[in-house]
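Report on one structure; see the data block that follows.
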């Protein structure tokens, strides 16, 4: 990630420009027609701005645990000036309590593989706590299936993640789905995406 020269603290991630439109296509099908969306691990904040602009009927709540990410989200939000994009809040996905107590949908993009497994466990438990019955829970990222990588590029990505942090790594979709099921979240969709990623949709 690099800083944007005309926004002091705003960060950019090249992958956002590549994946935001395919993700938006799925979100339009999955998210409710009104209500609040809780985004976990919003990162640079670019997705939050893009989706809030494209989905003005939804209130978008960005969050992150990393201080630099929160600063970046605030910078992008200030530049965008969108009325439905809320001030980001500090949220640790692995915590037993979240600062946001309820949401109509939960979104987590590229979080599961770039965090410890405990964060995914907390993510599932938190989604159960905040979502209403039938509420949508959307995940996006790279996954293994049946214990195997779906492409050589994903295997190389997994190795790179583990070099950066041994607690990170591309997760097995079956393990993630079981964790969700244990929290009462039902897998209702698995959609192949560009660059060997998946959109994974659960309902509470």
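FYI, it's all coordinate maths here, none of it is from the lab. None of the values given here were measured: they were computed from a predicted structure. All Cβ positions, glycine included, derive from the backbone under ideal geometry; neighbour counts span all protein chains shown.
When the residues of the range 129-152 are narrowed to those that are out of contact with any helix residue (DSSP H, G or I) (no Cβ under 9 Å at 6 or more places or on another chain) and surrounded by 18 or more Cβ atoms within 10 Å (Cβ to Cβ), which ends up nearest to residue 25 (Cα to Cα)?
Ranking the candidates gives 141 first.
Go through the range 96-112 and give me each residue that's touching a helix residue (DSSP H, G or I) at 6+ places or on another chain (Cβ under 6 Å) and either farther than 19 Å from residue 203 by Cα or free of Cβ contacts under 8 Å to residues at least 40 places away in the same chain (or both).
Scanning the range 96-112 gives a single hit, 98.
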